[in-house]
Each structure stands twice: as C-alpha cells, then as structure tokens.
Amino acid sequence: MKIIVSKEPNYTLFELNGNLDLIASEIFEKNVEAIISEEAVNLLIDFTNVDFVNSAGLRGLFIASNKLKLTNGKLVIFSLQPQVNEIFIITGFNQALNVLDTKAEAIESI
Amino acid sequence: MNNNFISEVKNSIPAIADCRVELLKFGRKNKLSKECLFGLVLAVDELLMNIVLYGYKDDREHSIFLEIKIDGENIYVQIVDDGIPFNPQSAPSPDINTPVETRTPGGLGIFLAKNYVNSIDYVFSEGKNRLKLHKFVC
C-alpha cells in the first residue's frame, strides 16, 4: 500500500494505491494519526487504485472516521471500483462511512 | 495441472498477502472473470486471516494447507489447519441491518467469506480443521 498525501486548504487528500488489508490498514491508521496531530480535519480518500479491501481494511476506515469525528472532522471515500463498492454495500459500511462517486462530490460534501 | 493451486501458507499476515498475489495469478491464468476472482480471493483471504489471528494459542510457526481446483463450472477450495477447533458455520454473523456503530465487533470476515462462496463445509478430524468451499464460476 502506497499513500500519496496532499494538503488542501479545507481537506487532506489520501490517494491509496494497492490493497487495503490488515498490513495496509496499520499504515493507513498511522497516516491518519499524523494528520490529526497536525490539526487537519477533513480527510478525502481516493479509492481509484484500490483493487482489494477486506474486513481489516473496513475496520481501519471505520476507526479513522470515528477519530476524525472527535475533532469535528469528516472522512469521505470516493471513486470505488465496482467489486470494492459491493463490499461496502454488503456489510453496511456504505451507511457508516461517507461513500461518494466522484472527487467533486466528495469536496462538495465537506 | 494448470487448474490446480496448491500452497502451504505459514501462519503470518504477510504470508497471506503473498498467497493472495499467487492466487490472483492462478485465477487470471484460468480466465476467471474479475468479479469471480475477487470473490474467491476475498473468501480465502478472510478465512486464512481468521486462522492466523485467532487459531493458534502458541507462538510457533504453523502451516495452513490450501488447495484450489477449478473443474468446469465449479471451484473447489480446501483449507486445512492445525489450530484450535473452529467451525465458521457456527460463528455469529454481524447484524447487517443495524448500524455499524452499534454492532458487536467480530464476525465480519467470516460473514464476507460466506457471502462470496456458494457453500462452506466444515469437519474437524485427525486434529485438524478442514474447510471445504464450493463456488460456481461466475
């Protein structure tokens, strides 16, 4: 898992590349801790290049979302591949997390 | 024997990630659709992860035997491990209709695995957990 981090005035963008599994989820959570400590609030996550997500990856996202809520922030995920999107729907995580189609919609939502 | 996949997976999370890569290659070689292969890989991944994280009470190295066979319209998977007896069929499923926030943690991986295969059979014999999965080629 490679994460490209870019900072914008109203949000931080993570571009995830690879598989969001248990190992990646730990890397992801560390990156989230880092931006929270820098007082960033909103996190947008680009899923375009995420080919695979498992239950550990879903949990990592949920934990990150809850941490951001504590600082009145928001976690928004966008551009999910069809199979990845299906996992969110099957497990109900599409209700627990903000999942949108495009980056434009994600920016609009914060 | 191109349509058989046999692997001995060590009880570590990186070993599961390596196995996933090999399984993807195998699936592509056998012309499984992206959707079908995704489901197969996810189900195997979740079941292996469950064994590695919860199946062993010691710190020793263990081997999990994985065998996959594609036979026409059928995919057969066997997973054999020497961990503590655990029947995924008896694992409580998360209540998918309640919000994630209020659910009891656990069971999500097994739930996903069940969702992506057509059947799961479990027996414990000769000191080993033996899982048999069946998935139709889709």
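For the reader, a short list of remarks on this structure follows.
- Close Cβ contacts (under 9 Å, 6 or more residues apart or on different chains) running from residues in region B:82-102 that are farther than 20 Å from B:Ser119 by Cα to residues that are of a type in the set (Lys, Arg) and open to solvent by 80 Å² or more (accessible area, probe 1.4 Å) comprise B:Gly83/B:Lys57; B:Ile84/B:Lys57.
- Given (1) more than 10 Å from chain A (Cβ to nearest Cβ); (2) more than 20 Å from A:Val84 (Cα to Cα), index of the condition B:Val52 fails: (1)
- Within region A:90-110, residues that are in contact (Cβ under 8 Å) with a residue 12 or more places away in the chain have Cβ atoms under 8 Å from residues that are open to solvent by less than 60 Å² (accessible area, probe 1.4 Å) and among the basic types (Lys, Arg) in no pair, counting only partners at least 6 apart in sequence or on another chain.
- Among residues of region A:66-88 being at pLDDT below 95 and within 24 Å of B:Asp95 (Cα to Cα), the one that is farthest from the other protein chains (Cβ to nearest Cβ) is A:Lys67.
- Condition met for A:Thr12 (in contact with a helix residue (DSSP H, G or I) (Cβ under 8 Å, 6 or more places away or on another chain) and modelled with pLDDT of 95 or more): yes
- Scan of region B:13-29 for residues that are out of contact with any Phe, Trp or Tyr (no Cβ under 8 Å at 6 or more places or on another chain) and open to solvent by less than 40 Å² (accessible area, probe 1.4 Å), ordered by number: B:Ile13, B:Ala15, B:Ile16, B:Ala17, B:Cys19, B:Gly27
- Residues being within 14 Å of chain B (Cβ to nearest Cβ) and open to solvent by less than 50 Å² (accessible area, probe 1.4 Å) - total across region A:20-42: 5
- Residue tally, condition within 14 Å of chain A (Cβ to nearest Cβ) and more than 13 Å from B:Ser90 (Cβ to Cβ), over region B:112-135: 5
- Looking only at region A:63-110, residues that are of a type in the set (Val, Ile, Thr), buried (at least 18 other Cβ atoms within 10 Å of the Cβ) and outside any strand (DSSP E or B) come to 3 in all.
- Selected residue (criterion: farthest from the other protein chains (Cβ to nearest Cβ)) from residues of region B:90-110 that are surrounded by 12 or more Cβ atoms within 10 Å (Cβ to Cβ) and closer than 21 Å to B:Tyr56 by Cα: B:Ala91
- Residues of region B:113-138 that turn out to be surrounded by fewer than 18 Cβ atoms within 10 Å (Cβ to Cβ) and either at pLDDT below 95 or in a helix (DSSP H, G or I) (or both), as a count: 2
- Restricting A:Leu13, A:Leu44 to those that are in contact with a Phe, Trp or Tyr (Cβ under 6 Å, 6 or more places away or on another chain) and either in a strand (DSSP E or B) or of a type in the set (Ser, Thr, Tyr) (or both) reduces the list to A:Leu44.
- Note on region A:1-18: residues that are in contact (Cβ under 8 Å) with a residue 24 or more places away in the chain and open to solvent by 50 Å² or more (accessible area, probe 1.4 Å) total 5.
- Selection status of B:Glu67, surrounded by fewer than 21 Cβ atoms within 10 Å (Cβ to Cβ), within 14 Å of chain A (Cβ to nearest Cβ) and acidic (Asp, Glu): no
The values are calculated or read from the model by the stated rules, or taken from the named source; none is laboratory data. What you see is a predicted model; the values in this text were computed from it and never measured. FYI the Cβ positions are ideal-geometry reconstructions off the backbone, even for glycines, and counts take in every protein chain you see. These area figures cover heavy atoms from the full protein model, side chains too; ligands, DNA and RNA do not enter into them. Shrake-Rupley method; radii C 1.70, N 1.55, O 1.52, S 1.80 Å.
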